[in-house]
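Any read-out appearing in this document is the output of simple, stated calculations on the displayed coordinates, not a laboratory observation. Just so you know, these numbers come straight off a predicted model, no measurement behind them. Virtual Cβ from ideal backbone geometry, glycine too; neighbours counted across all protein chains shown.
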């Protein structure tokens, strides 16, 4: 009848993040837990940013992915704890992001709330690897990304913020 | 969503408190949204829109939890769009009009310095849902307060005009700051259960952060001024009514609309 956890995970790995389609929602860290109890399936997802507008689309995509598996009762739950973090990302995921043209997040350090505390660690350009880059805005096209400019190759680029 | 069980003894207080947190972010998010398309530079237009979205996301999670705690079937949309001024618990600071960019930035900085320490304190709450929301929110507000602080330093330690505007904004908004740290009966009871940030703990942290950034910005913090109070009990300035009228008109006119 229904599938096992491995199969379901594989189906969810086929769902791309709506904003960054080279990365799937499982490696993004959005899928938290898969629980099978006979005819019942529960998938827990967690939002990246609290206001992330893609969560609704992701929930719909998860329902659609498991619709043909034959479960009688499917629940997709949004959970908040433990908080989503980029620290769970693998090196492969970070490389995919870089190849796509977005500078990947580094490890979350002691992020300070004080002004100009981020100036000490410039982000490397995903196109030419130079560190002679400058921050243009802490907020880019989405809340999860910041906007930078590379002084070496003269291209603007986005950085997925450490979170 | 609610994973944790709520003790009936604290249910009413927790609902009240969650409305304070949720309404703060809902009203602030709405104010920031007013800059969309009108920002002084493209990067700031996008920046404020992103911060606004974070605020609205936090408001959504907090108001959803509030509705579950209340247990009367009200979800986040019902709470956001179908309450009137006297039922809103947001701080007066966040409902103040945007004014010029200095005023928007000063308002943002003063509020975020509070929000950052408040969420940090709540990450230790014994309620899993509240602690989870706080753990996410503190990371986001960290970026907000840094952004606002950086602009405050540029304005204060900037030109004569930017310094004057920033100082005027500080002088005008200072009377709304004490209210953030009031310890009324609701807060006092919740603090005993670990379910509210203790004002006695977060006030000194806010003082230190504001003082540090103001000094760097060469701005003077006002002293011994009149302080407003009452918003946590639904008493607001004349501005909230207009903001809610604009924000709520569509759902109130078409209450059964779906999209």
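What separates the Cα centres of segment B:164-203 and segment A:1-80 is a distance of 40 Å. Classification of segment B:40-165 by its C-alpha gyration tensor yields a prolate form. The axis ratio a/c (a ≥ b ≥ c) is 1.5 or more, and a/b outweighs b/c.
How tilted is helix B:8-33 with respect to the longest principal axis of chain B? Cα atoms for both, answer in degrees (0 to 90, nearest 10). That works out to roughly 40 degrees. Between residue A:59 and residue B:157, the distance separating the two model label sites (each 7 Å from Cα on the Cα→Cβ line) works out to 4.5 nm. Note on residue A:37/residue A:88: beta-carbon distance plugged into 1/(1 + (r/R0)^6) with R0 of 35 Å gives a FRET efficiency of 0.85.
Counting only DSSP H runs of at least 4 residues, each contributing -39500 (n - 2.57), and dividing by the residue count of chain A, the helix-based mean residue ellipticity at 222 nm comes to -5500 deg cm²/dmol. Relative to the longest principal axis of the Cα atoms of chain B, the long axis of helix B:160-173 lies at roughly 30 degrees. Estimated purely from DSSP H runs of n ≥ 4, each contributing -39500 (n - 2.57), the mean residue ellipticity at 222 nm for chain B is -22000 deg cm²/dmol once divided by its residues.
Our note on the geometry: Cα centres of segment B:97-136 and segment B:208-248, 14 Å apart. Ordered by the count of other Cβ atoms within 10 Å of each Cβ, fewest first, B:163, B:38 give B:38, B:163. Classification of the protein assembly as shown by its C-alpha gyration tensor yields an oblate form. The axis ratio a/c (a ≥ b ≥ c) is 1.5 or more, and b/c is at least a/b. With coordinates expressed along the principal axes, the C-alpha atoms belonging to segment B:1-99 extend over 50, 28, 19 Å, beginning with the largest. Remark: relative contact order (segment B:1-88) = 36 percent; criterion is Cα-Cα distance under 8 angstrom and separation of 6 or more residues. Per residue, the average separation of C-alpha pairs within less than 8 Å and at least 6 apart gives chain A a relative contact order of 18 percent. For chain B, the longest principal axis of the Cα atoms and the long axis of helix B:42-70 meet at an angle of about 30 degrees.
In segment B:127-259, Cα pairs under 8 Å separated by at least six residues give a relative contact order of 29 percent.
Between residue B:252 and residue B:223, residue separation times 0.36 nm minus the direct Cα-Cα distance comes to 6.2 nm.
Across peptide B:135-145, the mean count of Cβ atoms from other chains lying within 10 Å of each residue's own Cβ comes to 6.
Modelled this way, with points 7 Å down the Cα-to-C-beta line, the labels at residue B:87 and residue B:128 are 3.1 nm from one another. Does segment A:92-163 come out rounded, prolate or oblate, given a ≥ b ≥ c as the square roots of the eigenvalues of its C-alpha gyration tensor, rounded meaning a/c under 1.5 and, failing that, prolate meaning a/b above b/c? Since a/c reaches 1.5 but b/c is at least a/b, the shape of segment A:92-163 is classed as oblate. Can you compute the FRET efficiency between residue A:14 and residue B:175 using 1/(1 + (r/R0)^6), with r the Cβ-Cβ distance and R0 = 60 Å? Round to the nearest 0.05. For R0 = 60 Å, the calculated efficiency reads 0.60.
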